[in-house]
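Here is the structure we will look at, set down as structure tokens.
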Amino acid sequence: MLFMEALLFSYAAKVLLLVLPFKYCQKFVSNDKCKRTELDVRVLKQIKKAVYRTNWLAFWDNKCLVMSLASRWMLQRRRIPSHISLGVAFDENKNLIAHAWISANEFDVIEKGGDYHELYQF
């Protein structure tokens, strides 16, 4: 069931990003009602695994942002607070690359995976 939920939210996040400007997309993934203090790492690992499994069905380029938004919705349903971070780094050819990652209580649901300079967090 988590796989189906992750798949649904991944496609919904992609459609949302295609249709609306990013500043309006943030309102759909607000973290206001998430007040749970005790976190079950097992649930976080299951969400992470489900979102990464749906990644192979993605046919678009910005996979990390879509996966971060889908993860945020899954965490919101369980009232788990989280932080989405947007950052940039330079690759070996000096090209600027962007990345999005999400963490919940120091657990990376979507991993940072590099030396990215964090620009924005919500």
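The values are calculated or read from the model by the stated rules, or taken from the named source; none is laboratory data. Here the structure is a predicted model, which is why all the values come from computation and not from measurement. Every residue, glycine as well, gets a Cβ built from its backbone with ideal geometry; the counts of neighbours run over all protein chains shown. These accessible areas exclude ligands, DNA and RNA; they are computed on the full protein's heavy atoms, side chains included. Shrake-Rupley method; radii C 1.70, N 1.55, O 1.52, S 1.80 Å.
Within the shell of other residues whose beta carbon sits under 15 angstrom from the beta carbon of residue 90, the net charge comes to -3, with Lys and Arg scored +1 and Asp and Glu -1.
Available extension along the chain between residue 19 and residue 45 is 6.3 nm, counting 0.36 nm per residue and deducting the alpha carbon span. For residue 102, neighbours were defined as the other residues whose beta-carbon sits under 15 Å from its Cβ, and their charges (Lys and Arg +1, Asp and Glu -1) total +4.
Counting charges near residue 57 (Lys, Arg +1; Asp, Glu -1) among other residues having Cβ under 14 Å from its Cβ returns a value of +2. Our estimate of slack between residue 26 and residue 58, defined as 0.36 nm per intervening residue step minus the Cα-Cα distance, is 9.4 nm.
Please say if region 18-117 is rounded, prolate or oblate, where rounded means a/c under 1.5 for a ≥ b ≥ c the square roots of the C-alpha gyration tensor eigenvalues, and otherwise the choice is prolate for a/b larger than b/c and oblate otherwise? In terms of gyration-tensor shape, prolate. Per residue, the accessible area of the chain comes to 62 Å² when a 1.4 Å probe rolls over the protein heavy atoms.
Relative contact order (percent) for region 1-88, with alpha-carbon contacts under 8 angstrom and 6 or more residues of separation? If you can, show how the numbers build up before the last one.
Values: 69 pairs, mean separation 42.0, N = 88.
With pairs under 8 Å counted, the relative contact order is 48 percent.
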